[in-house]
1. Where the only charges are on Cβ atoms (+1 Lys, Arg; -1 Asp, Glu), what is the dipole of the range B:14-120 about its Cα centre, to the nearest 20 debye?
2. Could you sort A:55, A:128 by accessible area so the largest value comes first, with the probe set to 1.4 Å?
3. How large is Rg/Rh for the range B:1-150, to two decimals, with Cα atoms and a Kirkwood Rh?
4. With θ set to phi - 60°, apply the Karplus curve 6.51 cos²θ - 1.76 cosθ + 1.60 along the range A:20-27 and write out the HN-Hα couplings as whole Hz, x wherever there is a Gly or Pro.
5. Per-residue Cβ counts within 10 Å, from other chains only, averaged over B:92-101: what number is that?
6. Given a cut-off of 21 Å, name the pairs among A:84/B:167; B:98/B:133; B:21/B:208 whose C-alpha atoms lie farther apart than that in the structure shown.
7. So how much accessible area does residue A:143 have, in Å² to the nearest 10, using a 1.4 Å probe?
8. List the lysines whose alpha-carbon lies under 16 Å from that of residue A:87, not counting same-chain residues fewer than 8 positions away?
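The values are calculated or read from the model by the stated rules, or taken from the named source; none is laboratory data. Keep in mind that what you see is a predicted model, and the values were worked out from it rather than measured. Quick reminder, even Gly has a Cβ in these numbers, built from the backbone with ideal geometry, and neighbours come from all protein chains shown. Please note that ligands, DNA and RNA were not included when accessible areas were found on the heavy atoms of the full protein model with its side chains. Shrake-Rupley method; radii C 1.70, N 1.55, O 1.52, S 1.80 Å.
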Amino acid sequence: MYNLQNNFNPQETEFLSGDEPIKIIPNFTLNQKLVFLNGEYGPFQPSIPIEVPLWLALTLRRQEKCQITIPVWLSIEFLQDILKEEKSRKKLSKLHPYFSEISAQLFEHAPNDINDFEKVRTLVEDIWNVRASKIREGIKDITNTTYCLSISDLTVMERELLKPYATSALKNIWLIFNSGKPIKRPNFPNQPETTTNTNTNTNTIEEEPLIEKEQETTKRTLRKFTTEDMETEQN
Amino acid sequence: METTNNITVLSSFIQAWTNEKNSPEIFPYETDLITEIRNHINTQQQIIDKNLEQIKEEETNNNDSQLMFLTNIMLMEVERLNYLLRSYLRMRLDKIEKYPVYILKNQQVRESLSKEEQQFLAGYFKLFEKHMKNSFLEKLPKPLQKIDDEEEGMVAKPDVNNYVACKINEDLGEVQFLEADTFNLTLKKDDSYIINYDHIKPFIQSNKVSLI
């Protein structure tokens with residue numbers, strides 16, 4: 001049942017990232033247009049930049065028929081800003097959704113097109129590590145009453161790595177939570193009230209600064225079953 | 001414009017593929033998208049075959065290195081589309097194999113399948129029933145021989161309470177979900193959540209929420 005796993009493995013996310021557009025500078029001539037399902041690309045003239053899907057750019061680069069223009073979000077200045085931002089606050093910064101996949105593929109196939117290749121690679125690794133530790137901290141907040149998890153600023157790779165754990169954990173929490181049924185007691189007078197815990201609680205993986213968080217989480221609500229409720233239920 | 005239409009074909013199909021991968025249920029078969037993709041693959045494949053023949057005939061001609069180059073690129077694109085199609089179809093077949101009795105009993109779910117998939121289901125269920133009967137069902141006492149008895153729990157149903165990751169496509173405001181107690185969530189555009197599939201099921205059909 002391999003096909004029924006509900007998350008993408010890294011090869012599949014890499015495949016998906018292949019459709020992202022990227023700018024290249026070809027060094028060959030092709031006078032006809034390439035007709036793909038999602039558009040026409042071409043004609044190709046040497047030294048004239050053109051935008052193509054990533055998979056095509058990498059194929060051309062492997063055959064040394066083009067030079068890849070590194071996207072803005074992979075330049076040293078941008079990465080250094082992002083790293084500073086990640087280290088200074090608890091919330092996850094906004095990255096390109098295919099950040100890890102595209103950077104890994106560019107490192108593998110086009111290292112010469114990147115200025116200061118080693119430095120960029122170290123920065124990417126540092127950013128990944130800082131985010132990974134933030135995500136791990138965020139996971140610790142899952143309690144036995146969590147209903148859902150907010151994952152708005154995760155990249156695709158981080159999300160797919162988190163999914164198996166998070167979905168099965170939340171599912172088990174849901175099962176345990178919903179297995180309890182209200183205790184039915186016979187109709188004695190002066191019956192002590194039974195309480196069931198109900199809790200509305202959304203946890204965010206990305207943590208806001210502490211003060212904001214306390215204002216956002218909703219309070220615990222206790223719902224009390226009385227003997228009148230028993231009677232209406234039995235009816 | 002043709003190109004804008006084609007951009008949505010690929011991205012809608014990838015969205016359908018992602019939905020299918022993440023949800024425990026079977027979604028309606030995307031006949032239009034798949035026909036368009038197959039048409040494109042067929043036209044490209046014809047051009048590729050023609051080019052390959054031409055290259056074979058003129059083996060020592062140097063001009064054909066560019067033709068080979070072009071053909072290789074077209075081949076790669078066709079391979080990528082084929083992979084998507086195959087993966088999509090295999091996922092659906094696996095789901096059909098997992099819940100045959102449930103689908104047969106449910107008219108609505110059965111209509112989500114394509115004709116070929118329905119034929120596959122009929123054939124698979126016949127084999128399945130025959131195998132069960134021959135292996136051990138015949139030797140059980142008569143009342144225990146049914147394999148489609150819903151009350152006794154013989155029918156495997158897709159578990160709608162699995163948790164899935166989803167993305168909100170439109171501003172939906174504050175939505176109330178019914179649990180043991182109700183809980184409210186403000187659904188804003190571009191937020192993503194891991195949430196119980198049952199809660200967001202009604203939004204997926206209208207494409208207000210998509211699975212990621």
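1. 680 debye
2. Largest accessible area first, the list is A:128, A:55.
3. Details: Rg = 22.4 Å, Rh = 18.9 Å.
My calculation puts Rg/Rh at 1.18.
4. These are the phi-based 3J(HN,Hα) values: 5, x, 8, 8, 10, 10, x, 10 Hz.
5. Rounded to a whole number, the mean comes out at 1.
6. Beyond 21 Å between Cα atoms: A:84/B:167.
7. 60 Å²
8. Cross-link targets: A:134.
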